[in-house]
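For reference, the structure discussed in these notes is given below.
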Amino acid sequence: MNMRKGLAFTLSLAIAAGCMWVPSVLPADAASVKTIVLRVGDPVMQVDAVRTFIDATGAVPVIIQGRTMLPVRAIVEALGGTVSWDAGRRAVGVVLGAKTVELIIAKSMATVNGTSVAIDPANALVVPMIVKARTMLPVRFVAEQLGAAVDWAPATQVVTLDFGGTTILPPAAPVLTAPGDGSSSTDKTPSLGWNAVDGAATYRVVLHKGTDVVLDKPGLTALSLSVPAGLLTAGTYSWTVTATGPGGTSVPQAKPFVFTVKELILPPAAPVLTAPGDRSSSTDKTPSLGWNAVDGAATYRVVLRRGTDVILDKSGLTALSLTVPAGLLTAGTYGWTVTATGPGGTSPAQAKAFTFTVKDPVVQPLAQTVEMHVKYSGWDPATIHIKAGARVTWNIWGDEITSCTNRIIVPSLSISQALTAGKNVITFTAPSAAGTVPFSCWMGMVRGQFIVDP
């Protein structure tokens, strides 16, 4: 593997300036090391198929001013070499097998087995340096002097040092898919989903609420996991997924996905209707429609129908009654319902609408009293005016009754009544149309008439 021309790498040496490295003991398997893989920002390196921390301080490869800085002590020791520090000369010594490399802070020249060699002939700025009490060494120069080929993968920010073999890289971090980052719902058993990644055999899901681990599920082969019931309550959760394969385990996502669980708020129940009573009737054409309050309701909506026609639809009500405006109702039967709306939604309407009937008021006929006397000469008066449709009380005074006038008949009104001395009372309803209504004694000799006025 070849590092791209012009790309500069530096290697951070995890020692404090002025301190001396104690030469490490050659690992028993150091000679078998074929590849070393490091990733920018990851405190773990992979030596062949084994992942191990770079050092006890948590040092990580970083990029500074366009250069990739890589820890070196663990690399050299993994190969069975040693690193030393000469504080007086500010020089770092690396020994591996027959190779001895010495580099001096801020110098662009190094010595290899006593021979002066340019660290980077194309860029004199590539020099050893001390950053935050750590000595940084150019990885390309050091690694190649120790017999390695260097490869840089910019997409994944992975550096591979090849000492004559091949390596299987750990999988990349899976891409999380659902629930979406920053989403919220009332679902307390959501399905966490992610995309497949090359080289992954299993996946591990870790779900947190704050710093508390709510769920840690390794060994998954599917690309989703439903959170078991009973684990989640209202609140905000974060989750990550790592992938594990022959090359090791991926890093988790740089930014966990976050979702919020909200408590489920149910819609209110349907209000109980109170007045007018179901199937009631009246002549009131501006009735007050009333209902009971229900928990969780902020507003109410009244719908009034005549048959299928909507007569009134009034929403946003906060009171528990509504007076029907004048002019809307005529005689007939109406049905009405009330729904309640709150934070949880809108209630259903009543299973059965209340109905009421509006009747036109019964108009009482005009009451009219007329007087007439019975004389030997006949009826006095013989012509009487009455109002059309009036309820007439006809007082007949029997002053001078004869054998002819002892009974009076009104054929069109089906009246035939005997008359006696004193007061006689006949009641009837006048015809509704104007006209004349004749009456007479029973013999038809003594005649009179009603004039029906409009």
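The values are calculated or read from the model by the stated rules, or taken from the named source; none is laboratory data. All values reported here derive from a predicted model rather than from experimental measurement. All Cβ positions, even for glycine, are placed from backbone atoms using ideal geometry, and neighbour counts span all protein chains on display.
Before moving on, here are some points about what is shown:
- With respect to the stated conditions, SER184 fails to be touching a strand residue (DSSP E or B) at 6+ places or on another chain (Cβ under 8 Å), loosely packed, with under 13 Cβ neighbours inside 10 Å, of a type outside the set (Lys, Arg) and part of a strand (DSSP E or B).
- With respect to the conditions (1) farther than 17 Å from LEU176 by Cβ; (2) touching a Ser or Thr at 6+ places or on another chain (Cβ under 9 Å), THR236 lacks only one, and its number is (1).
- Residue list for the stretch 129-154, filter: assigned to a loop (DSSP other than H, G, I, E, B) and modelled with pLDDT under 85: LYS132, ALA133, PRO138, LEU146, GLY147, ALA148
- Check on VAL76, farther than 20 Å from THR35 by Cβ, out of contact with any His (no Cβ under 7 Å at 6 or more places or on another chain) and not in a loop (DSSP other than H, G, I, E, B): no
- Scoring ARG407 on the criteria (1) more than 30 Å from THR337 (Cα to Cα); (2) modelled with pLDDT of 95 or more; (3) loosely packed, with under 15 Cβ neighbours inside 10 Å leaves a single failure, condition (3).
- Enumeration of residues in the stretch 180-220 that are touching an Asp or Glu at 6+ places or on another chain (Cβ under 8 Å) and polar (S, T, N, Q): THR186
- Residue, farthest from the chain's Cα centre (by Cα), within the stretch 186-199, restricted to residues that are among the charged types (D, E, K, R) and within 29 Å of ILE265 (Cα to Cα): LYS188
- Those strands (runs of 3 or more DSSP E) of the stretch 314-411 in which 2 or more residues are in contact (Cβ under 8 Å) with a residue 12 or more places away in the chain and not small (Gly, Ala, Ser) occupy 321-323, 332-342, 354-358, 367-375, 383-387, 391-398, 407-410.
- Any hit, the stretch 44-67, residues being modelled with pLDDT of 80 or more and among the acidic types (Asp, Glu): no
- Scan of the stretch 200-233 for residues that are exposed (fewer than 10 other Cβ atoms within 10 Å of the Cβ), more than 27 Å from the chain's Cα centre (by Cα) and β-branched (Val, Ile, Thr), ordered by number: THR221
Let's see how each residue does on (1) under 26 Å from ASP453 (Cα atoms); (2) surrounded by fewer than 15 Cβ atoms within 10 Å (Cβ to Cβ); (3) acidic (Asp, Glu):
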residue	(1), (2), (3)
TYR376	no, yes, no
ILE384	yes, no, no
VAL392	yes, no, no
PRO411	yes, yes, no
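- Restricting the stretch 244-260 to residues that are part of a strand (DSSP E or B) and modelled with pLDDT of 95 or more leaves a set whose member that is surrounded by the fewest Cβ atoms within 10 Å (Cβ to Cβ) is THR260.
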